[in-house]
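Single-structure report; data block below.
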Amino acid sequence: MPAPSRKKRHMPKFGEATLTLTSMMDMFTIILVFLLMNYSTQGDILVSDPRLKLPVSTSDKPPRMRLIVQATYDDIIVDGVRVAGVKEALAGVGFLIKPLYGELNEHARKTEFIARKNAAVKFTGEVIIQGDKRIPFVLLEKIMFTCGQAGYNTISLAVMSSRE
C-alpha cells in the first residue's frame, strides 16, 4: 500500500472557525453569581450630594440605611427632594423649620402605613443628617430640633472617615 501523500496529511493553514457560546455563557454566569454574592445590601455605602463637604471624623461605626436629611450651603433636602432653602430656615423665628417638619411627618406617616401592612417594616425614628461643614451651627440645631419634633429622635451625623 502506498504511503499517503504529504498534501493529504497536511492540514490547511486557514479554515473556518466557529465560536462556542456555551463556554462564554458559563463564564458570564460565574461572574454574575460572584458579583451578586459580593453585593452588600447592608447599606454600607452612603451617597452624598456632590455639593456637600462633610466634616472628617475618626468614627469606625458604619452607617445604617435610614431617612437622610441633607443640608447643603443653599438647600435642605429630604430623601433627595428639596424642602426648604437655608436662608429661609435661618430667617425663621424659633427652631422649628416648618417645611422640613411637614416632609418628615409625611415620611413617618408613610412608614407607619407600610408597617401596618408589612411586619418586617417598623418606624424607628432614625435619621441621618448630612450637613456641609460650612453651614452655621444654628442651622444644624434647627434641623435636629425639627427632626425631634417630627418623631425622629435617633439622629446620626454623617461624616467622612479620616482614614480615607
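Condition check ((1) among the hydroxyl-bearing types (Ser, Thr, Tyr); (2) free of Cβ contacts under 8 Å to residues at least 40 places away in the same chain) across all residues:
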| position | (1), (2) |
| --- | --- |
| TYR73 | yes, no |
| VAL86 | no, no |
| LEU96 | no, no |
| GLY102 | no, yes |
| ASN105 | no, no |
| PHE113 | no, yes |
| LYS133 | no, no |
| LEU139 | no, no |
| THR146 | yes, no |
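The single condition from (1) in contact with a Ser or Thr (Cβ under 8 Å, 6 or more places away or on another chain); (2) in a loop (DSSP other than H, G, I, E, B) that LEU104 fails is (2).
Quick one: in region 75-115, which of the residues that are among the β-branched types (Val, Ile, Thr) and touching a strand residue (DSSP E or B) at 6+ places or on another chain (Cβ under 8 Å) is farthest from GLN130 (Cα to Cα)? Looking at residues that are among the β-branched types (Val, Ile, Thr) and touching a strand residue (DSSP E or B) at 6+ places or on another chain (Cβ under 8 Å), I get ILE97.
Here the condition is being out of contact with any strand residue (DSSP E or B) (no Cβ under 7 Å at 6 or more places or on another chain), in contact (Cβ under 8 Å) with a residue 12 or more places away in the chain and loosely packed, with under 15 Cβ neighbours inside 10 Å; of ASN153, ASN118, it holds for ASN153 alone.
Laboratory data are not the source of any read-out in this text; all were calculated from the coordinates shown. Keep in mind the model is a prediction, meaning the values are calculated, not measured. Virtual Cβ from ideal backbone geometry, glycine too; neighbours counted across all protein chains shown.
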